[in-house]
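Down below is the structure, laid out as structure tokens.
Laboratory data are not the source of any read-out in this text; all were calculated from the coordinates shown. Note that the coordinates shown come from a computational prediction; the quantities given were computed from them, not determined experimentally. Every residue, glycine among them, receives a Cβ derived from its backbone with ideal geometry; neighbour counts consider all protein chains shown.
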Ligand SMILES: Nc1nc2c(ncn2[C@@H]2O[C@H](COP(=O)(O)OP(=O)(O)OP(=O)(O)O)[C@@H](O)[C@H]2O)c(=O)[nH]1
Ligand SMILES: [Mg+2]
């Protein structure tokens, strides 16, 4: 039996989280059209008769000196060398430039087998395909280079075949029914962050973080009670999240509720959602320490 860890690496918005969700068949990692959605290492686990692949979804690698970006780069780098394989995802719609070269160099240096995937094949032109393939062939001459569409579930079987070829023999690291290792509070806060981003797409995607202030679960009455806070950077942004007559926060709450409820089948869920301003959290060591724990 085969068993190994796979780091999913690529630039922001390449489709890494979408792919991890498609492979596991579960909503493991939140996604959005806005770059830099993923902030932590998120494990998604795939098991079949061949063995087990433990994927680590990482933050998109973005060249920038800002503190939050530096933290996200660290998360990505730290996951590179301690994995058995790297799944390098390239967004085929974008011409590979300086940032893609930086990512490719970093991966090549890791000394770990690489499976390279050109994603978004459903919308690629012939030129896109040639561009991306040329770029990868030159840098990873001995690696398989595949085309796939993470959102359309195309080419995913081939990716699994190549990964199972390069990972070592071993026992399962997780029970065969496990598909993620995230704790409950983290999953819930991520769902709320995704719905906030989806509702307010262009207005304040990077300026929020979500915290679960309190969560109670009564097994006896099958009730779950959650109080969560959407923290934003400025007082003025609170109004945007709440929206006119509370329409935005209602939408965020409703969408979050629907998805969180699936985590607690058969239970009665109460979700109390609040908005607070926490100025300068993006440069606060205390907050960043909590987010990138
Ligand atoms: N057309 C198309 N869109 C895709 C595909 N895969 C992902 N997307 C879209 O690309 C956007 C980014 O996807 P994510 O999965 O969040 O990307 P990511 O690489 O995890 O991004 P970060 O977490 O920001 O680094 C979303 O709008 C996805 O729906 C694909 O195969 N085809
Ligand atoms: Mg992501």
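Just to be sure I understand: with springs between alpha-carbon atoms less than 10 Å apart, which residue in 280, 41, 238 has the highest mean-square fluctuation in the Gaussian network model of the chain?
The residue that fluctuates most here is 280.
Once label points are set 7 Å from the Cα along Cα→Cβ at both residue 126 and residue 277, what is their separation, rounded to one decimal in nm?
5.6
I need the Kirkwood Rh of region 2-166: take the reciprocal of the average 1/r across all distinct C-alpha pairs and report it in angstrom.
15.5
Could you let me know the centre-to-centre spacing of region 81-109 and region 1-42, using Cα atoms, in angstrom?
14
Starting from the Cα of residue 270, step 7 Å toward the Cβ, then list every residue of region 192-232 with an amide N under 17 Å from that point.
Under cut-off, by backbone N: 213-229.
Most exposed first by the Cβ proxy, i.e. fewest other Cβ within 10 Å, how do 32, 218, 256 rank?
Exposure proxy ranking, most exposed first: 218, 32, 256.
Treating the chain as a set of equal point scatterers at the Cα positions, no solvent, please give the Debye-formula log₁₀ I(q)/I(0) at q = 0.12 Å⁻¹.
-0.81
Give the angle, between 0 and 90 degrees and rounded to the nearest 10, that separates the Cα long axis of helix 67-80 from the longest principal axis of the Cα atoms of the chain.
Result, in degrees: 50.
Defining a contact as two alpha carbons under 8 Å apart and six or more residues distant in sequence, what relative contact order in percent does the chain show?
The normalised contact order for the chain reaches 18 percent.
List 94, 290 from most exposed to least, where exposure is judged by having the fewest other Cβ atoms within 10 Å.
In increasing order of surrounding Cβ atoms, one gets 290, 94.
Output the antiparallel fraction of DSSP beta bridges having both residues in region 184-291, as a percent to the nearest 5.
Counting DSSP beta bridges with both partners in region 184-291, the antiparallel share is about 45 percent.
Compute the angle between helix 247-261 and the longest alpha-carbon principal axis of the chain, please, reported from 0 to 90 degrees and rounded to the nearest 10.
For 247-261 against the chain, the angle is about 60 degrees.
Looking at region 2-166, send over the antiparallel percent of its DSSP beta bridges, to the nearest 5.
Among the beta bridges of region 2-166, antiparallel pairing accounts for roughly 30 percent.
Can you give the angle from 0 to 90° between the axis of helix 98-109 and the longest principal axis of the chain, with both taken from C-alpha atoms, to the nearest 10?
Here the helix axis deviates by roughly 70 degrees.
Evaluate the distance, in nm, between pseudo-label points positioned 7 Å from the Cα of residue 176 and of residue 78 along their respective Cα→Cβ axes.
Inter-label distance under the simple model: 3.3 nm.
Could you tell me the center-to-center distance, by alpha carbons, between region 171-186 and region 206-224 in angstrom?
20
What is the distance, in nm, between label points placed 7 Å from the Cα along the Cα-to-Cβ direction at residue 220 and at residue 284?
In this crude label model, residue 220 to residue 284 measures out at 3.7 nm.
Could you tell me the calculated FRET efficiency between residue 240 and residue 64, based on Cβ-Cβ distance and R0 = 30 angstrom, to the nearest 0.05?
Approximately 0.80, to the nearest 0.05.
For the chain, give the share of DSSP beta bridges that are antiparallel, in percent and rounded to the nearest 5; count only bridges with both residues there.
Antiparallel bridges: around 40 percent, rounded to the nearest 5.
Quote the relative contact order of region 184-291 in percent (integer), defining contacts as alpha-carbon pairs under 8 Å separated by 6+ residues.
30
If you stretched the chain out fully between residue 161 and residue 251, how much longer would it get, using 0.36 nm times the residue separation minus the C-alpha to C-alpha distance?
Contour length minus the Cα-Cα distance gives 28.3 nm.
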